[in-house]
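The values are calculated or read from the model by the stated rules, or taken from the named source; none is laboratory data. Keep in mind it's a predicted model, so treat the numbers as computed, not measured. Ideal geometry is used to build each Cβ from the backbone, glycine not excepted, and the neighbour counts take in all protein chains shown. These accessible areas exclude ligands, DNA and RNA; they are computed on the full protein's heavy atoms, side chains included. Shrake-Rupley method; radii C 1.70, N 1.55, O 1.52, S 1.80 Å.
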Amino acid sequence: MDLQYSFSLAKLWSICGAQVIMLLSGLVLLFVEIFYKGKSPERRLSTIGWLTTIAMALALGHVCNKEWNLDEVVFMGAFSMEKFSAFLVAVVLMAGIMASILSIGYLKNNKIYRTEYFLLLAFAVYGTIAFVQAVDLLMIFITLEIMSLGIYCLAAFLRDDRLSLEGSLKYFLIGSFGSAFLLFGIVLIYGFTGEINLTKISSVLARAPFQHPMVLVALAMIMVGLMFKISMVPFHMWAPDVYEGSPSVVTGFMATAVKAAAIGVFIKVMAVGFGPVLSLSGQPEFYANALLGALGAYWKPILWWISLLTMFFGNLIAVNQRNVKRMLAYSSIAHAGYMTLGILASNDMGRMGVLFYLFAYTIMNIGAFGVIYCLDGQERHAQTLEDYRGLGYKYPGLSFLISLFLVAMAGLPPTAGFIGKFYVFAAAIRSGYLLLAALGILTSVIGAYYYLRVVYMLYMKDPVREISIPGVSVSTAVILIAAALAVIYLGILPQGLTDVADAAQKTLSLVF
Amino acid sequence: MAGLTEYVILSAILFGLGAIGFLTRRNALIMFMCIELMLNAVNLSLVAFAHFRVDLSGQVLVLFIFAVAAAEVAVGLAILIALFRHVKDVDITEYNLLKW
């Protein structure tokens, strides 16, 4: 393929329009934040919050209308836009929109009126979508850092709360440690091939002795760096602490958007840089790339064990948790394990299943953390299992919503979680990972126990202490109900989204 | 004159020292420094590769990594100072409210 690195504003707009919108709106909001005083701190907070939401909605509209309809992979140096990226960008922006609307209510509940929150969120979303679109290993590193720096600050946003800062510092230390590994891997690949662009790397590697130890070390280090971000066992140590410490809405955002982006980039790096998904395209150079499949003999067994450990560890430790946020942190580790199954299967159904899973997981996870912040009132006011006892009759609406989201995460039909798990496991079985799929289904039974325990606490137990929560704002309620409807709709009629996800993953194999 | 292999070995040793230091030291500031050591080890091998491949882009990338490392330290130290106000210690074993 001829890689044109020409530059024009029209091309920039059509490829990176969402990034441009997020970056510019972040910079504009910076000035709005300085000069706009507002009538009251609450007014000011919600104005800036809504402006951020509108910017993200514009970016989402641009992705869905313009970028999705690009029927080819378009490169502009470091970034590409094809349906695969467009899908993930849309997921990230959707998570961003939900998070920023929920944040308005969250910050008001906690009486925090510092509006830089939304700037950090806007820049974090910018970094995340740039990360998804990057096809250049160095750009992957830089955008990963832009994303992470925003998230570190958001995680530490409750400045007067020691847990929030403690979680954030742990995230920062371990996150930087992980990205140093990623960087070393990138530089080794650069040293071996002389290229940092993923597509060029694969074509150089295919003609070189790619089983050279240097390539294997580089591959391992890049995988480790990304696994830190996805929080796969044994690189998960930060996740529970950070998820518990951070503000609930931020937890929801980083459990979904960051994980979706990191998994997307993981698939892209493995499929485009080091893998043979390219055999369909019929061009001679791609047949050579098919040889790269031999690298799978090195990374697939490792990923097999990591997938197994992630599923078992996440689900088993979650059983022991009393704090619901921390329990969901372990559950999100387990979900990463299920998604790894889809990556490991590395067939069309696996990649489609992972994309579907990410979409469904994003909706139900942010929904669950949204309900947690509502039941919490103020952060850490009521978030243990004991606090949830008997709330089902006092707050029927919120309890029903969180029960629905938890049932969806447990993967029971008719919810989106079931369909996602179904595709991922089916893909793994189709690729011959029968044992792993069976063990995975076993762990998801363990998972159902602790999800349903929360539901049991809500409806079957008497309250031990009085919990009173402030009213739920209309915007929060709308987001939560929309998420609940989407979870059920996708569980009953998944066809639309599976078609979209399938079209998205096909672009990886057809056009790169 | 040292060849490429020596440079790569040196940078791998520096990277390893940084990683070992990160894993064994308990002082948060020293852990920051260890991360910086790891990033600069990477820079060293990047410069060496770029020099021996006669490819200028590698040299340019080093500047990007510097910028990222600086931004990282700015954020990290800010978080550490905010936490220091609560804990009055930089020993990470004192940051133990969140566990299991």
In chain B, which longest range has no trypsin sites (Lys or Arg not before Pro) that are both DSSP loop (not H, G, I, E or B) and surrounded by at most 13 other Cβ atoms within 10 Å? B:27-87
Measuring from label point to label point, each 7 Å out along Cα→Cβ, what is the B:Ile9 to A:Arg453 span in nm? 5.4
Tabulate in residue order the Karplus-calculated ³J(HN,Hα) for segment A:461-471, using 6.51 cos²θ - 1.76 cosθ + 1.60 with θ = phi - 60°, rounded to whole Hz; enter x for Gly and Pro. 10, 8, x, 9, 9, 6, 10, 10, 10, x, x
So, in Å, what gap is there between the alpha-carbon centers of segment A:171-228 and segment A:440-512? 35
Heavy-atom accessible area of the protein assembly as shown with neighbours in place, 1.4 angstrom probe: carbon+sulfur share in percent works out to 70
Backbone N under 17 Å from the A:Arg430 label point (7 Å along Cα→Cβ), restricted to segment A:473-512: A:494-510
Give the angle, between 0 and 90 degrees and rounded to the nearest 10, that separates the Cα long axis of helix A:495-511 from the longest principal axis of the Cα atoms of chain A. 30
Against the longest principal axis of chain A, how steep is helix A:137-155, in degrees 0 to 90 to the nearest 10, with axes from Cα atoms? 10
How tilted is helix A:416-430 with respect to the longest principal axis of chain A? Cα atoms for both, answer in degrees (0 to 90, nearest 10). 30
Quickly work out the A:Leu58-to-A:Arg465 label distance, labels modelled 7 Å from Cα along the C-beta direction, and quote it in nm with one decimal. 4.6
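Return the value, in Å² to the nearest 100, of accessible area buried between chains B and A (probe 1.4 Å, both sides summed).
Using a 1.4 Å probe on protein heavy atoms, the buried area is about 3700 Å².
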Candidates per trypsin sites (Lys or Arg not before Pro) in segment A:90-172, loop by DSSP, up to 11 other Cβ within 10 Å: A:Lys111
Per-residue counts of other Cβ atoms within 10 Å, averaged by peptide: what ranking do you get for A:219-227, A:395-403, highest first? A:219-227, A:395-403
In terms of the charge dipole of segment B:4-94, which places +1 on Lys and Arg and -1 on Asp and Glu at the beta carbon, the residue among B:Val87, B:Val47, B:Ile13 farthest towards the positive end is B:Val87
Of B:Ser57, B:Ser45, B:Ser11, which has the largest mean-square fluctuation in a 10 Å C-alpha GNM of chain B? B:Ser57
Residue-wise, which Karplus ³J(HN,Hα) couplings in Hz belong to segment A:105-113, taking 6.51 cos²θ - 1.76 cosθ + 1.60, θ = phi - 60°, and x for glycine or proline? x, 4, 5, 5, 4, 8, 6, 9, 10
Name the GluC sites (Glu not before Pro) in segment A:63-145 that are in a loop by DSSP and that have at most 15 other C-beta atoms within 10 Å, would you? A:Glu72
Which residues' amide hydrogens lie under 5 Å from the amide hydrogen of A:Thr384, considering only partners 5 or more residues apart or on another chain, with H built in the peptide plane? A:Val324
Accessible area in square angstrom per residue, segment B:4-94, 1.4 angstrom probe: 51
Sum -39500 (n - 2.57) across every DSSP H segment of at least 4 residues in the protein assembly as shown, then divide by the residue count to get the 222 nm mean residue ellipticity, nearest 500. -25500 deg cm²/dmol
When a/c reaches 1.5 or more, the comparison of a/b and b/c decides; with that in mind, is segment B:4-94 rounded, prolate or oblate per its Cα gyration tensor? oblate
Averaged across the residues of A:184-195, what count of C-beta atoms belonging to other chains lies within 10 Å of each residue's C-beta? 6
Complex-versus-alone comparison for segment B:74-93, residues with a loss of 40 Å² or more in accessible area, probe 1.4 Å: B:Val75, B:Ile79, B:Leu83, B:His86
Using θ = phi - 60° and the Karplus form 6.51 cos²θ - 1.76 cosθ + 1.60, what ³J(HN,Hα) does each residue of segment B:18-30 get, whole Hz, x for Gly and Pro? x, 5, 5, x, 4, 7, 9, 6, 10, 8, 4, 5, 5
A:Leu493 and A:Tyr113 label points (each 7 Å along its Cα→Cβ direction) are spaced in nm at 4.5
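Sorted by accessible area (1.4 Å probe), largest first, how do B:Asp55, A:Asp499 line up? If you can, show how the numbers build up before the last one.
Numbers: B:Asp55 45, A:Asp499 85 Å².
Correct descending sequence by accessible area is A:Asp499, B:Asp55.
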